Amino acid sequence: MKKYFFTGFITLLPIALTFIIASWLFNLFTAPLAGVTEAIILAYEKNLNLSLANHDTLVLFISRVFALILLLILIFLLGVCGQKFLINVFLKIPERLFSHIPLVRTIYRLSNDITKAVFSENKKTFKETVLLPFPHHDALAIGFVTGETPPVFNQKDKPHTDLAVFVPTAPHPMSGFVLLTPKKLAISVDVSVEDAFKFLISCGVIHPGESVPEKDKEKS
């Protein structure tokens, strides 16, 4: 019974996590427009011969769906405008709006810079997977090279560093450490960034190149 329960659990867990994350993202992106679309639906209720007075959940769901459609259309239109000539205008509006608010100004600039760096089509955020002696010389940590060390961080009386490496934590790789290290200490490994992330998220259970652990395949 324990074997069947564990097999069912590992089968259900990815589905549940996918649903939870997708639902959270759906609510996050549709919430700003949900009120507008809900008002439109209720306004045209009689014209469409609908009776939604006692169906609040249905109205909320339909309004979120329409909000998502409107959001996708808006994103597409902004993309088209961005390819033409209006992108600079749209970018300057929030910059001018937030530039006079001290805390909000810092948050906007930081998030804007990070977004451009992560989603840029011209360069990869993580260039390669490496191993570093961290947190001490007798242990190795998985890291991702993000670029060269900025010259300002290299001091004459300190050891020269060549690479900036992001060392994520497990099983939550979105947090971690940014290490500046000499290139000779970074051991290159033939592991893709995607496989390395799988290894970290699974806390070392899923090895690079594997989809599920071999022992779990034998059990099932």
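The set of residues in the range 147-195 that are exposed (fewer than 11 other Cβ atoms within 10 Å of the Cβ), of a type in the set (A, V, I, L, M) and more than 22 Å from His137 (Cβ to Cβ) comprises Val152, Met174. Somewhere in the range 77-85, is a residue loosely packed, with under 12 Cβ neighbours inside 10 Å, at pLDDT 75 or above and of a type outside the set (D, E, K, R)? Yes. Taking (1) touching a residue at least 60 places away in the same chain (Cβ under 8 Å); (2) closer than 22 Å to Leu17 by Cα in turn, Ser188 satisfies each apart from (2).
Residue under question is Thr169, and the condition is that it be of a type in the set (S, T, N, Q), more than 29 Å from Leu13 (Cβ to Cβ) and at pLDDT below 90; does it hold?
Details: of a type in the set (S, T, N, Q): yes; more than 29 Å from Leu13 (Cβ to Cβ): no; at pLDDT below 90: yes.
No: the conditions fail for Thr169.
Would the range 98-112 turn up any residue that is part of a strand (DSSP E or B), at negative phi and either modelled with pLDDT of 70 or more or of a type outside the set (A, V, I, L, M, F, W, C) (or both)? Scanning the range 98-112, I find no residue that is part of a strand (DSSP E or B), at negative phi and either modelled with pLDDT of 70 or more or of a type outside the set (A, V, I, L, M, F, W, C) (or both), so the answer is no.
The values are calculated or read from the model by the stated rules, or taken from the named source; none is laboratory data. Computed from a prediction, not measured in an experiment: that's the story for all the values here. As a convention, Cβ positions derive from the backbone with ideal geometry for all residues, glycine included, and neighbour counts pool all protein chains shown.
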